[in-house]
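The values are calculated or read from the model by the stated rules, or taken from the named source; none is laboratory data. Values in this document were obtained by computation on a predicted structure and should not be read as measured data. In this analysis, Cβ positions are derived from the backbone assuming ideal geometry, glycine residues included, and neighbour counts consider all displayed protein chains. Side chains included, ligands, DNA and RNA excluded: accessible areas come from the protein's heavy atoms. Shrake-Rupley method; radii C 1.70, N 1.55, O 1.52, S 1.80 Å.
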Amino acid sequence: MQCRTKAPGGAVYRDRAGGLNQKEPAIRDKYTLFAPFYDLFSGEYPVYHAGRVLGIDALAPTTGQQVLDIGCGTGLNFPLLQERVGSSGTIVGIDRSAEMLRQARRRAQARGWENVILLQADMVLLDPGSIAARIEESGGAGVSDAALATYSLSLMGDWEQAWTNMTRLLATQARVGVVDLQEPEGWARWLTPLARLACAVGGSDITAAPWQAVEERCVDVVRASARGGHLQIRAGKTTREK
């Protein structure tokens, strides 16, 4: 079944989620079976939702902007992003799991969000030019105003390549936000075994520290942390020249 949704401006585009994209082979991973239950068992509200709130606050997208949601999963960032960009903005969710995207599509349809574009792709392997073209085909802009990666870069074997591909989809001096995980600090160190276990089950590298890219390659960096330092948040403005 194909999902058709109105894009900003009234045009109609074809949703690329759920294996509908014929340009790339289907991508299967550990989230295929887990996707329908992800929101219930991922520890979202007791632990990880706080990082999303802080990350989007730090990213500070504004009305009408187009924001990339890298590794968007089931769309847990969408409500917070919608509050910022409004119906005149666009959310482009990119994830390698067709089943996670299927859940994201259901979330968007249930809320009546007509400004969400979903693309199935691996951020490490994708060609930015091809992805930009697919976004345009779906009613969005080939160049985005901001990008957010929450708990996703540490899942990727080569997160630095994913970062490079992500920034090539952005306008000059766009804002980028990263929310990811490390071992708890200070009073929360006693939770380290639990944090390691949760990351191992989810497939995250707790030592990856992908927010370092924001520190090293962005200016006007906003920093925050939560849950005893387990959640690390960074956002800044890119300095890459077009």
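Go through the residues of the range 182-193 one by one and say whether even a single one is in a strand (DSSP E or B), open to solvent by less than 60 Å² (accessible area, probe 1.4 Å) and either at pLDDT below 85 or over 13 Å from G51 (Cβ atoms) (or both).
no
Can you list residue pairs whose Cβ atoms sit under 8 Å apart, with the first residue in the range 91-116 being more than 24 Å from L59 (Cβ to Cβ) and the second being among the hydrophobic types (A, V, I, L, M, F, W, C) and crowded, with 23+ Cβ neighbours inside 10 Å? Count only pairs 6 or more apart in sequence or on different chains.
A98/A17; R102/A17
So which pairs qualify, if the first residue must be in the range 176-200 and more than 19 Å from A224 (Cα to Cα), the second must be open to solvent by 50 Å² or more (accessible area, probe 1.4 Å) and of a type outside the set (F, W, Y), the Cβ gap must be under 8 Å, and the two must be at least 6 apart or on different chains?
T192/E183; R196/E183; C199/D205
One line per residue, one yes/no per condition, for (1) under 14 Å from the mean Cα position of the chain (by Cα); (2) modelled with pLDDT of 50 or more:
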site: F37; (1), (2): no, no
site: V53; (1), (2): yes, yes
site: V67; (1), (2): yes, yes
site: R84; (1), (2): no, yes
site: S87; (1), (2): no, yes
site: G93; (1), (2): yes, yes
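Quick one: which of A149, A132, A174, A162 is modelled with pLDDT of 95 or more, within 18 Å of the chain's Cα centre (by Cα) and within 18 Å of L54 (Cβ to Cβ)?
A149
Helices (runs of 4 or more DSSP H) wholly in the range 77-169 with at least 2 residues that are farther than 18 Å from A213 by Cβ and of a type outside the set (D, E, K, R) - which ones?
Helices (runs of 4 or more DSSP H) meeting the threshold: 78-85, 98-111, 128-137.
For T207, which of the numbered conditions (1) surrounded by fewer than 17 Cβ atoms within 10 Å (Cβ to Cβ); (2) outside any loop (DSSP other than H, G, I, E, B); (3) without any contact (Cβ under 8 Å) to a residue 60 or more places away in the chain fails to hold?
(2)
Taking the range 119-167 only, how many residues are among the polar types (S, T, N, Q) and without any contact (Cβ under 8 Å) to a residue 24 or more places away in the chain?
1
Could you list all residues from the range 77-89 that are farther than 19 Å from R234 by Cβ, open to solvent by 10 Å² or more (accessible area, probe 1.4 Å) and touching a strand residue (DSSP E or B) at 6+ places or on another chain (Cβ under 9 Å)?
Q82
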